[in-house]
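Values in this text are rule-based calculations from the coordinates and carry no lab data. If you're wondering where the values come from, they're calculated on a predicted model, not measured in any experiment. Every residue, glycine as well, gets a Cβ built from its backbone with ideal geometry; the counts of neighbours run over all protein chains shown.
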């Protein structure tokens, strides 16, 4: 294994995704989407705790002034009390297009929750991007997506990036931090060599880190879209990454076993685990949902 990378949780997730570092608890949360499981890893103790969700959870954020999470569940957006395992729905009926489910979720620095969907057949561009404001209003921002992934905001809060994994593309938008509106979409990255962008994050220098599904690596991109560096992973399907640790200098990477044959798993027995990477740079703290 690359000496920059170590496996820290033997989670063997089917579809480990959306890592979130909680600076209050000094713990990492993430999901196994296909097993409807929310997980938490405390590096200081090594403890791992799991919560079974009422349905598949594909994106979430911790709440600013309340316990539990806001989540992008299979069929809608809602708050979930982790102790009770019950969902208080914010938006559900008629929210998603036919054949789509939620796939990604992240909070911007104004405390708004953003959620993206995907075509469950992984063939059609019928998915969308939604913004859930702190007053719980829901706005559909972008249509025509295949698999919404990788949400990131520039450090000056003037740009927003969004990946469509089906189109193998990352788009850039002008972003209005005060309102949460986005406009002037342009192509930031277009992959034509079999690479597929999945989830990721931004670091304290304004560079983007993206997990490349199916490509055994995570990549750091400069703000102009050029490749700054690549870090080889011991698994073919890294799914997302998030900075954590007391100094935000550890890059946690989730991964998946989804779709891998027994022969492929024999070649990558750590597939589905959570990894810690020494990236040589610090990240930025993950916001919570709420005003």
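Annotations
- Shape of the range 111-168, Cα gyration tensor, a/c cut at 1.5: oblate
- Computed over the range 1-73, the P(r) curve from all C-alpha pair distances, binned at 10 Å from the origin, holds 18, 50, 27, 4, 0 percent per bin.
- For 278, 198, 164, the sequence from fewest to most other C-beta atoms within 10 Å is 278, 164, 198.
- When the chain is treated as a Gaussian network with alpha carbon springs shorter than 10 Å, the biggest mean-square fluctuation among 148, 246, 163 belongs to 246.
- Extension gain from residue 34 to residue 262, taking 0.36 nm per residue of separation minus the Cα-Cα distance: 80.2 nm
- Global form of the range 94-248, assessed from the alpha-carbon gyration tensor, a/c cut-off 1.5: oblate
- Between residue 247 and residue 229, the contour length at 0.36 nm per residue exceeds the alpha carbon distance by 4.3 nm.
- Of the two radii for the chain, the radius of gyration is 0.93 times the Kirkwood radius, both from the alpha carbons; that is the Rg over Rh value.
- Spin-label pair residue 84/residue 12, simplified geometry with 7 Å Cα→Cβ offset, distance in nm: 3.4 nm
- Gaussian network model of the chain, Cα within-10 Å springs - most flexible of 58, 45, 11: 45
- The chain: most fluctuating residue of 244, 16, 214 per GNM, C-alpha cutoff 10 Å: 214
- A helix-only calculation puts the chain at -500 deg cm²/dmol for mean residue ellipticity at 222 nm, using -39500 (n - 2.57) for each DSSP H run of at least four residues, averaged over all residues.
- Residues in the range 85-114 that a label on residue 120 would reach, taking backbone N under 11 Å of a point 7 Å out along Cα→Cβ: 98-102
- FRET efficiency for the pair residue 2 and residue 93, taken as 1/(1 + (r/R0)^6) with r the Cβ-Cβ distance and R0 = 35 Å, rounds to 0.15.
- Ascending count of other beta-carbon atoms within 10 Å, so fewest first, for 62, 84, 265, 145: 84, 265, 62, 145
- Equivalent ellipsoid, the range 201-291 (semi-axes from 5 times Cα gyration tensor eigenvalues, Å): 25, 15, 12
- Each peptide in 23-31, 129-137 was scored by the mean count of other Cβ atoms within 10 Å over its residues; highest first, the order is 23-31, 129-137.
- The range 138-215: C-alpha gyration tensor shape, a/c 1.5 cut-off, then a/b vs b/c: oblate
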